[in-house]
Amino acid sequence: MVVRPDGPGMIARTHVRAYHRMAGLSGGDTWIVAGHYEARLRHHAGEWKIVGLTLRVFYQDGNIAIPDTVRSRVALGE
């Protein structure tokens with residue numbers, strides 16, 4: 001992780017590789033996302049708070065339909 005000053009706040013950067021799994025789906029059970037997070041932080045009331053978060057995706061692998069499946073199931077109340 002790299003942290004650097006940014007005006008009144010800070011910026012923290014880190015690499016991420018996230019593995020998502022949903023069993024029994026056509027197209028495979030896993031979706032992998034690799035990228036880089038940038039978090040913008042501000043000091044407020046004695047604590048550092050995240051005020052912005054950006055993910056720059058380097059690549060994805062596996063079943064990229066998993067996020068759409070999750071959204072559909074949530075909308076149906078499943």
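Counting only residues that are more than 16 Å from the chain's Cα centre (by Cα) and assigned to a loop (DSSP other than H, G, I, E, B), how many does the stretch 1-56 have?
12
The rows are residues; the columns are (1) free of Cβ contacts under 8 Å to residues at least 60 places away in the same chain; (2) under 19 Å from Val70 (Cβ atoms); (3) not small (Gly, Ala, Ser).
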{"site": "Met10", "(1), (2), (3)": "yes, no, yes"}
{"site": "Val16", "(1), (2), (3)": "yes, yes, yes"}
{"site": "Gly27", "(1), (2), (3)": "yes, yes, no"}
{"site": "Ile32", "(1), (2), (3)": "yes, yes, yes"}
{"site": "Glu38", "(1), (2), (3)": "yes, no, yes"}
{"site": "Leu41", "(1), (2), (3)": "yes, no, yes"}
{"site": "Lys49", "(1), (2), (3)": "yes, no, yes"}
{"site": "Leu55", "(1), (2), (3)": "yes, yes, yes"}
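Is at least one residue of the stretch 65-78 surrounded by 12 or more Cβ atoms within 10 Å (Cβ to Cβ) and part of a strand (DSSP E or B)?
In the first step, residues of the stretch 65-78 are kept if they are surrounded by 12 or more Cβ atoms within 10 Å (Cβ to Cβ); the result is 65-67, 69-70.
Those still in the list that are part of a strand (DSSP E or B) too: none.
Taking every residue of the stretch 65-78 in turn, none turns out to be surrounded by 12 or more Cβ atoms within 10 Å (Cβ to Cβ) and part of a strand (DSSP E or B).
List the pairs whose first member sits in the stretch 60-74 and is over 14 Å from Arg21 (Cβ atoms), whose second member is loosely packed, with under 13 Cβ neighbours inside 10 Å and not hydroxyl-bearing (Ser, Thr, Tyr), and whose Cβ atoms are under 9 Å apart, counting only residues at least 6 apart or on separate chains?
Final answer for the pair search is Ser72/Glu78.
Look at the stretch 7-30 and say how many of its residues are under 14 Å from Gly62 (Cβ atoms), surrounded by 10 or more Cβ atoms within 10 Å (Cβ to Cβ) and among the hydrophobic types (A, V, I, L, M, F, W, C). Full working, then the answer.
Going residue by residue through the stretch 7-30, those that are under 14 Å from Gly62 (Cβ atoms) are 17-23, 25-30.
Now narrow it down to the ones that are surrounded by 10 or more Cβ atoms within 10 Å (Cβ to Cβ): 17-22, 25, 27-30.
Remaining after also requiring among the hydrophobic types (A, V, I, L, M, F, W, C): 18, 22, 25.
Residues flagged as under 14 Å from Gly62 (Cβ atoms), surrounded by 10 or more Cβ atoms within 10 Å (Cβ to Cβ) and among the hydrophobic types (A, V, I, L, M, F, W, C) within the stretch 7-30 amount to 3.
Tell me, please, whether a residue that is of a type in the set (A, V, I, L, M, F, W, C) and modelled with pLDDT of 95 or more can be found in the stretch 4-17.
So the first thing to find is which residues in the stretch 4-17 are of a type in the set (A, V, I, L, M, F, W, C), and the list is 10-12, 16.
Add one more test, that the residue is modelled with pLDDT of 95 or more, and what stays is 16.
Among the residues of the stretch 4-17, at least one is of a type in the set (A, V, I, L, M, F, W, C) and modelled with pLDDT of 95 or more, which makes the answer yes.
The values are calculated or read from the model by the stated rules, or taken from the named source; none is laboratory data. If you're wondering where the values come from, they're calculated on a predicted model, not measured in any experiment. Don't worry about glycine lacking a Cβ; one is built from the backbone with ideal geometry, like all the others, and counts go over all protein chains shown.
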